[in-house]
Every structure is written in structure tokens, then in C-alpha cells.
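Since the structure comes first, as C-alpha cells, the remarks are kept for the end.
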Amino acid sequence: MRKALTWLPALAVFLGTLSAGTAPAAANTAAEPTGTGTTSTAGPGSGSGGAGGRESTDSSEGTGSTDIKDRILAIPGMSLVEEQPVDGYRFFVLQYTQPVDHRRPYLGTFRQRLTLLHKATDRPVVFHTSGYHVSTRPGRSEPTRIVDGNQVSLEYRYFTPSRPDPADWTRLDIRQGADDQHRLFRALKRIYRANWLSTGGSKGGMTATYYRRFHPGDMDGTIAYVAPNDVRNREDSAYDRFFEQVSTPECRAALNAVQREALVRRDEIVARYETWARENGATFTTVGSADKAYENVVLDLVWAFWQYQSEADCDEVPGPTASTDTLYAFVDEVSGFSFYTDQVLGGYAPYFYQAGTELGWPSFRTPHLDGLLRHPGIYQPRSYVPRDIPMRWRGRVMDDIDRWVRHRGERMLFVYGENDPWGAERFRPGRGSRDAYVFTAPGANHGANIAGLTEAERDKATAEVLEWAGVAPAAVRRDASKAEPLAERDAKLDRKPVEPRNALRP
């Protein structure tokens, strides 16, 4: 079983295709007039650095320069944080001035962080988002490698440092997020005129789908990985069916037993948890107490196991007679004790706000825990957002998205993992959708991808991505079995992400 880092939360539902960024936060602004932001000079580490050199075929609009950095920085409102060297590419960390409210631009602006992995202006562009923070380390999503293209990765609004100051949380919704992408696309399309694809994993896959719904003409195709689709927030029986059928009866029973035992011994373990918190400066103001945090951690356990582990790990589930040391270590490894601390929850408040206002969240039955739960109703997003941030549920938002995918969606590919609980409620193209597919990777968890599909589906998916990007070789157009990524695998750029884990967060 892969050992989880101690800071990785178990409730993490939305796994992006790139790892979380750790770059220093840049200052935000809330008063710069829309469309009049000036281009800043390069910041620290902003030399021309990386391989890939200078553009030699495209002229810059209005700058007289052919260097891609100059062309990007000529976009009103675009500024450079740094450039990092990357073999075969140029990699920029940037900020772009966005309206706080796209329909009321006079309300002010903020700076939204993004990265650009530049290959060439005549190559396709993959517009990636995790739906959370953006990684400030170079990396490629799977579609970027397939089409051998450029990649734009955008941080989702309200994830720091991409947060207005002061923050009006009513401006955090899926339409504003889609409008952020649309506005950036329009700015960059003048430079990158080849085909564009949108992509993302988990919440990023949801984000890519919402973007297509509100701006269907921007992208030439969408590849959404492990994207939940909670159309009816109060009707979650699909999750109960998943947990009744996944894997073997023996593995399911072992997980239920260890989850129950973790609550039977809660007083002893919570005492250890409180000691750990004191030693590490962790607090529980938002969730309420260490005991409440622990109940959430344990409720995550079975979900997080299937989200991040595999059937091969069933043999490592400790029995109910295991020592408390063993039990404590297992719970920490699978769920992660740190997630429900203020220090971690604070970074994910924008997600939980959206889950509790528009996206919905999963609920599932736990009859094997009857009599052991002390805090009914705590396992939901309102518990994880500071009380000074108002939240109001906006019903039917997901109905609109679901109807559009079923009846209007086109050139869309949804990839799910067979053993991922988030796939229990998924997007399903229907009558009216065109050139749209749903594929399931056998035995895969929340990290499912095109490479993990069956051979025929992998070839079909790869061929469609190449076609949508406008780079499908003639042989692939004749025979999908000839389809393969156009770029060779790179151990650094194509590394698997390390993500905070948490079961209520995709």
C-alpha cells in the first residue's frame, strides 16, 4: 500500500492531473480596472531560461517581438511571476487580471494564477484545471502528451493566491469559473490559433465540463477524468450500491470491521490525536474539536481506501484485534489525520463552499457504525467552512449541467475508474449528444486515465483526442488501433500527482 504523507487529507475527492503547487503567494488586487491592467516586468527567476528558445515564425501583435514571453506579456492584464527551465519547452508562471464578477466588472478585479507550458504556437493547446490550486512545477496532463501540445493550467478562483481581497464569496460559482476560462482563452487564442482541448481530473473534470456548457464554442473537445455528477444531492443511493458491490465480500467486511473498531477505540486514539495536534500546532476551530475531526476521519476511511488504493491492498487491512498502534497508523495512512485541522481545511474552503452551495456532496449509509457516531450531521460541507462565510444551497444548478451534457454535449470524453466511489454518480451523454463517450478503466481508482482503459477503448479514446486536436495522422483516421501519444513519456513531466486525500473532496 502506498504510504500517505502525513499532511494528505483523506476527504480529498477531486484529484487533479497535476500535483498541488507550492509557489509563494503573490499579492492580489481588488481595484485594478478591468481590461486596463498593465504588463509587469519580469519577476525573480524570469530569465529566458528554458529550452525551446525563441519563436521564429510568428510575429507578436503590437510588440514587434517574436519571443513568446514578450507576446504573452503584451496581453493586457498579464504579468510574469517566473520562468523555469524545462527541456523541450518554456514554462511560465503567470498572473492574469480578472473581474471579480464577469457580469458586473465595475465591482473590481483580482489576479488569477496560471502556468503555461509552451512548445510552439502552431501546436494544439490543452486547457487544464484541477479545480483547485495550480501547480507551479512543470508537468503534463495526459491529453497534452497525447497531442504533443502546449498546456495552459489555470488556478480556480478563490484558491489562494487567486482570491479577491476582500473576498465576496457570493461571486464564487461555476459560471464565474467558466467565465474566467473563457476570458483567458480569448486572450491567448490570438497567439495560439490551433485547436484547443479542455481537461481536468475530478473537480477539474467537472470544471472542464461546466466550461463547455457555458461556452460551448471555445473548445474543440473535452476530456474529463473521474468527474462526479451529483444531479440530485438528496438522492445518493448509487453510492450505497457501490459499497455493496465493490471488490469481494471479504474485503468489504474487513474494511467495515476496521472502521468500526476505529470508533470503538476512539477515546484512546483521540487522546493520541490531541497530543499530535499540540506537538504540531494543529487546531480544530472550524470543525469544532479533535473528537469531531476524528469522527470525520473515520467516516472517510472506507471511501478513501477505494478512492486511492486498489484491491491488491485488501490483504493489508488490519483485523479488529490489531494493536492500537497498527490501527492508528492505518487510519492515518488511508484517511490522514491532518485534513480536518484548521491548517489544512482553510486551503480547501473554496471547494467546500461550492459543494455546499452548488455542486452537492455524497452521503452513504453506515449501518455497521450504529451506536458509535456521536456527531450526527457533521459529515457535510457546512462543517468545513468558517462560520463567518455564509452559505446558501442553490438547487437545480447541476440539473442544468446534466441536461446539457445529455442533450447538447459534443466531442466529450469521460473516463472513470471501476473501483472509484466517485464514479457511482457520473456524467452520461444521452440522446442529443454527439461524438461523446464514457469509458471505464478496469480495476482503476480515482487516478483512472486513458492509458488504463481496455486496448480497444484506449485506442478509440486516443484517436478521438488526436482528431479533436486536429493532429490525427492519416493512419489513425483510417484505423484507431494505430493511435498512440505523439510525445514520448517524460519521467519528470509525466509524473503521477501527489494530492491531499479526503473523501468528501473529489
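The values are calculated or read from the model by the stated rules, or taken from the named source; none is laboratory data. The structure presented is a predicted model; accordingly, all values stated were derived computationally and were not measured. Methodologically, a virtual Cβ is constructed for each residue, glycine included, from the backbone with ideal geometry; neighbour enumeration extends over all protein chains shown. Calculation scope for accessible area: heavy atoms of the full protein, side chains included, ligands and nucleic acids excluded. Shrake-Rupley method; radii C 1.70, N 1.55, O 1.52, S 1.80 Å.
For Asp122, the criteria (1) assigned to a loop (DSSP other than H, G, I, E, B); (2) under 20 Å from Gly346 (Cα atoms); (3) open to solvent by 20 Å² or more (accessible area, probe 1.4 Å) hold in every case but one, which is (2). Of all residues assigned to the stretch 302-322, none qualifies as being open to solvent by less than 30 Å² (accessible area, probe 1.4 Å), farther than 30 Å from Glu418 by Cβ and not basic (Lys, Arg). Taking the conditions exactly as written (open to solvent by less than 30 Å² (accessible area, probe 1.4 Å) and within 18 Å of the chain's Cα centre (by Cα)), does Gly417 satisfy them or not? Answer is yes for this residue. Inside the stretch 292-308, residues that are of a type in the set (A, V, I, L, M) and closer than 13 Å to Phe243 by Cα make up a count of 3.
Of Ala424, Ala472, Ala444, all but one fail to be closer than 22 Å to Glu358 by Cβ, aliphatic (A, V, I, L, M) and open to solvent by less than 30 Å² (accessible area, probe 1.4 Å); the exception is Ala424. Scanning the stretch 353-381 for residues that are part of a loop (DSSP other than H, G, I, E, B) and either of a type in the set (Phe, Trp, Tyr) or touching a strand residue (DSSP E or B) at 6+ places or on another chain (Cβ under 6 Å) (or both) returns Trp361, Phe364, Tyr379.
Matching residues to (1) more than 14 Å from the chain's Cα centre (by Cα); (2) part of a strand (DSSP E or B); (3) among the aliphatic types (A, V, I, L, M):
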{"site": "Gly131", "(1), (2), (3)": "no, no, no"}
{"site": "Ser135", "(1), (2), (3)": "no, no, no"}
{"site": "Ser153", "(1), (2), (3)": "no, yes, no"}
{"site": "Asp179", "(1), (2), (3)": "yes, no, no"}
{"site": "Phe185", "(1), (2), (3)": "yes, no, no"}
{"site": "Arg193", "(1), (2), (3)": "yes, no, no"}
{"site": "Thr222", "(1), (2), (3)": "yes, yes, no"}
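Checked against the criteria, Ile269 does not count as under 18 Å from Trp404 (Cβ atoms) and aliphatic (A, V, I, L, M).
So that you can scan it fast, the table gives a plain yes or no per residue for (1) hydroxyl-bearing (Ser, Thr, Tyr); (2) over 30 Å from Trp303 (Cβ atoms); (3) within 21 Å of the chain's Cα centre (by Cα); (4) open to solvent by 40 Å² or more (accessible area, probe 1.4 Å):
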{"position": "Tyr437", "(1), (2), (3), (4)": "yes, no, yes, yes"}
{"position": "Gly452", "(1), (2), (3), (4)": "no, no, yes, no"}
{"position": "Glu455", "(1), (2), (3), (4)": "no, yes, no, yes"}
{"position": "Trp468", "(1), (2), (3), (4)": "no, yes, no, no"}
{"position": "Ala480", "(1), (2), (3), (4)": "no, yes, no, no"}
{"position": "Lys492", "(1), (2), (3), (4)": "no, yes, yes, yes"}
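If only residues of the stretch 101-113 that are surrounded by fewer than 23 Cβ atoms within 10 Å (Cβ to Cβ) and within 24 Å of the chain's Cα centre (by Cα) are counted, the one that is nearest to Gly149 (Cα to Cα) is His102.
Among the residues examined, Ala474 qualifies as at pLDDT 95 or above and under 23 Å from Val126 (Cβ atoms). Taking the stretch 277-299 as the range and being farther than 16 Å from Asp332 by Cβ and out of contact with any Ser or Thr (no Cβ under 7 Å at 6 or more places or on another chain) as the test, the residues that pass are Arg278, Gly281, Thr285, Thr286, Gly288, Ser289, Asp291, Lys292.
Go through the stretch 154-183 and count every residue that is of a type in the set (A, V, I, L, M, F, W, C) and surrounded by fewer than 21 Cβ atoms within 10 Å (Cβ to Cβ). Count: 2.
Looking only at residues of the stretch 137-149 that are outside any loop (DSSP other than H, G, I, E, B) and either open to solvent by 10 Å² or more (accessible area, probe 1.4 Å) or among the basic types (Lys, Arg) (or both), we find that the one that is nearest to Ile223 (Cα to Cα) is Glu142. Screening the stretch 282-301 for residues that are within 25 Å of Asn256 (Cα to Cα) and in contact with a helix residue (DSSP H, G or I) (Cβ under 6 Å, 6 or more places away or on another chain) and picking the one that is most open to solvent (accessible area, probe 1.4 Å) gives Asp291. Restricting attention to the stretch 250-276, the residues that are farther than 22 Å from Asp313 by Cβ, among the basic types (Lys, Arg) and either free of Cβ contacts under 8 Å to residues at least 12 places away in the same chain or touching a Cys at 6+ places or on another chain (Cβ under 8 Å) (or both) add up to 0.
Within the stretch 211-242, being open to solvent by 10 Å² or more (accessible area, probe 1.4 Å) and closer than 15 Å to Gln181 by Cα holds for Arg213, Phe214, His215, Pro216, Gly217, Asp218, Asp220.
Every test in (1) over 23 Å from the mean Cα position of the chain (by Cα); (2) within 22 Å of Glu268 (Cβ to Cβ); (3) in a loop (DSSP other than H, G, I, E, B) is passed by Tyr328 save one, and that test is (3).
The condition (being in contact (Cβ under 8 Å) with a residue 60 or more places away in the chain, part of a helix (DSSP H, G or I), closer than 30 Å to Glu358 by Cβ and touching a Lys or Arg at 6+ places or on another chain (Cβ under 6 Å)) is satisfied by just one residue among Asp240, Asp300: Asp240.
Go through the residues of the stretch 78-97 one by one and say whether even a single one is within 24 Å of Gln354 (Cα to Cα) and in a helix (DSSP H, G or I). Looking for residues that are within 24 Å of Gln354 (Cα to Cα) and in a helix (DSSP H, G or I), one finds none in the stretch 78-97, hence no.
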